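One structure below.
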Amino acid sequence: MQKTAAWPLAGIYAALIVYASLYPFEGWRSQGVDWTAFLFAPWPRYWTGFDVLANVLGYAPLGFIGVLALKRSARHLPAVTLAVLAGAALSLGMESMQLFLPARVPSNVDGCLNTLGTLAGALTAWILERFGFLDRWSRFRATWFMPDARGSLVLLALWPVALLFPAPVPMGLGQILERAEDALALWLQDTPWLDWLPVREVELQPLLPIYELLCVSLGQMLPCMLAFTVIRQRHQKVFAWFLLLGLGLGFTALSAALTYGPTHAWGWINVPVQLALVLAAMLALPLMWLREKTLQVLALVTLVLQLTLLNNASASAYFALTLQNWEQGQFIRFHGLIQWIGWLWPFVLLVYLMRRLSSSHPSKM
């Protein structure tokens, strides 16, 4: 069986679908309704274009990635059929579980659209494979990336998605301490365990401008360093450097557009952010000459420094209002999904780097 990044990506995406389908996970109870009733209920007379698009596009990547994983691992299996059956089963399970959530409404239309989206994604992957695009990707990957690049490629693919959730500073992923403390205190309310929580003597303060600049620079450099550890040639690293800078700008602008409206897509690029991005681009260039393990050590130090700065500072009141725009708008389901990617991406990267370094032979350092 050939190793491929498609399997972990398929698992991650399926988990995100589960999260988006069952969010906000509150009020679980039996409502005394036959779980098959929604399957045979009349189709709703009204639905919105956003709902149709979300249900189709939400499952299309699952079908696409599923066929890629099956094709690269077991070419003799009917990949399209298995991927569609898996997507339909997942959709049926999610719609059935929504019967136990008062805030969610199961729908046979949603199930059909989810299956249609899975089929569209699966057929797209099959067509690409039929015309040799998957073989070209395999050759491209062998030419560009190290054999053990799977984990890094998965993290790099998730990085732009993580940027969609509003961050306290641009590229500043992983500021979770303050919200985690508040959530833990809420869970332990009216229990004796609440007194066990440590109390700060000094309240957290917002980041100073110089630290904001540093966090933006470090946040943009991290994916560059990760990419440089698995890319073979220096000219290929230059291309990745341009691509990652563009993705950082583009997806942060998209996040601002989704939050405040298209007219404010570039409002976050003030003078300090401009300086930080230029600094990140300049500092990333000489890193192309470093060896893989040296880059991994530097990436680990960079990540720890950024997380330390972010989690020893409080989020501004302006940022709290930004989150409310996501939590109260039509993106509420995607808010929960993207929020976890944005929060957990740097910590998954931390574990990944530590694992890679701990498994390295001393002679390769």
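Readers should treat all values here as calculations from the given coordinates under stated rules, not as data from a laboratory. Owing to the predicted nature of the structure, the values given are computational and were not obtained by experimental measurement. Glycine gets a Cβ as well: all are built from the backbone with ideal geometry, and neighbour counts include every protein chain shown.
Using a Förster radius of 22 Å, what is the FRET efficiency between Asn270 and Leu204 based on their Cβ-Cβ separation? Nearest 0.05, please. Walk me through the numbers on the way to the answer.
Details: r = 23 Å, r/R0 = 1.04.
It comes out at approximately 0.45.
Based only on Cα atoms, what Rg/Rh ratio does the range 72-167 have, Rh being taken as Kirkwood's radius?
Numbers: Rg = 17.7 Å, Rh = 16.4 Å.
Using only Cα positions, Rg/Rh for the range 72-167 is 1.08.
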| request: Note down the nm distance, to one decimal, between modelled labels 7 Å out along Cα→Cβ at Ala89 and at Leu57. | output: 2.9 nm
| Projected area of the chain, taken from the Cα convex hull and averaged over every viewing direction, in nm²? | 22.6 nm²
| request: Return, for the Cα atoms of the range 152-364, the radius of gyration and Dmax in Å, separated by a comma. | output: 18.1, 60
| field | Nearest-20 debye value, the chain charge dipole, Cβ charges on Lys, Arg, Asp, Glu | value | 1900 debye
| field | Label zone at Asn311 (point 7 Å along Cα-to-Cβ), backbone N below 12 Å, the range 157-184 | value | 174-181
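Going by a ≥ b ≥ c, the root eigenvalues of the Cα gyration tensor, does the range 133-241 fall in the rounded group (a/c under 1.5), the prolate group (a/b larger than b/c) or the oblate group?
Prolate shape, in that a/c is at least 1.5 and a/b is the bigger ratio.
From the convex hull of the Cα coordinates of the range 145-185, what is the mean projected area in square nanometres? Present the calculation step by step, with values, prior to reporting the outcome.
Details: hull surface 16.4 nm².
Value for the range 145-185: 4.1 nm².
Highest mean first, how do 174-180, 63-69 rank when packing is the count of other Cβ atoms within 10 Å averaged over residues?
Details: 174-180: 17.7, 63-69: 26.3.
So the order, starting with the most tightly packed, is 63-69, 174-180.
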| said: As an exercise, find the ratio Rg/Rh for the range 6-144 from alpha-carbon atoms, using the Kirkwood inverse-distance average for Rh. | reply: 1.05
| field | Structure-based [θ]222 nm, the chain - -39500 (n - 2.57) summed over DSSP H runs of at least 4, per residue, nearest 500 | value | -22500 deg cm²/dmol
